[in-house]
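Reviewing the structure listed below.
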Amino acid sequence: GYGSLHRLLELYQIAGADGVEICTSDFDPRIWASRSFCLEELLRAWDGIRPAYQFWWAAVFSKKSAEHILDSGVPFVSFSRALLCQPDFAARLKRGEADESPCTACGLCYQSFGGSCTLHPAHRTIPS
């Protein structure tokens, strides 16, 4: 369980942080693409802390996941790895050209110098 998550969020708030990014990765690449890993636990932990304290949800790879998480009451989502893989991913979502990122969540982007996708280098180029 995540019994101490509420206290952790309280401590961040006491320390003066405006918000925190919640990484939903359970270190099993893309398993959370089909379910929202710990979403219910996080929403329970956030109870009593909002609205003064914001958090955003990381490890989002698809429009469907983003909409589900936002509909649950989370104020922001982060497409961080999806954007490292495909810098124009958000624009593609907006234009209806994509519904899901080609990112496999392998983690190599965080191990490489510069934080870029090493698995899909062709996706890094933003079309003009």
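Any read-out appearing in this document is the output of simple, stated calculations on the displayed coordinates, not a laboratory observation. Because the structure is predicted, anything quoted here is derived from the model rather than measured. In this analysis, Cβ positions are derived from the backbone assuming ideal geometry, glycine residues included, and neighbour counts consider all displayed protein chains.
At-a-glance table
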{"quantity": "Approximate spin-label separation Asp99-Glu21, in nm, with each point projected 7 Å along Cα-to-Cβ", "calculated": "2.7"}
{"quantity": "Pair Trp56, Leu8: separation of 7 Å Cα→Cβ label points (nm)", "calculated": "1.9"}
{"quantity": "Listed peptides 97-108, 67-78 by packing density, highest first (mean Cβ within 10 Å)", "calculated": "97-108, 67-78"}
{"quantity": "Amide H within-cut-off set for Val77, under 5 Å, with H built and near neighbours excluded", "calculated": "Trp57"}
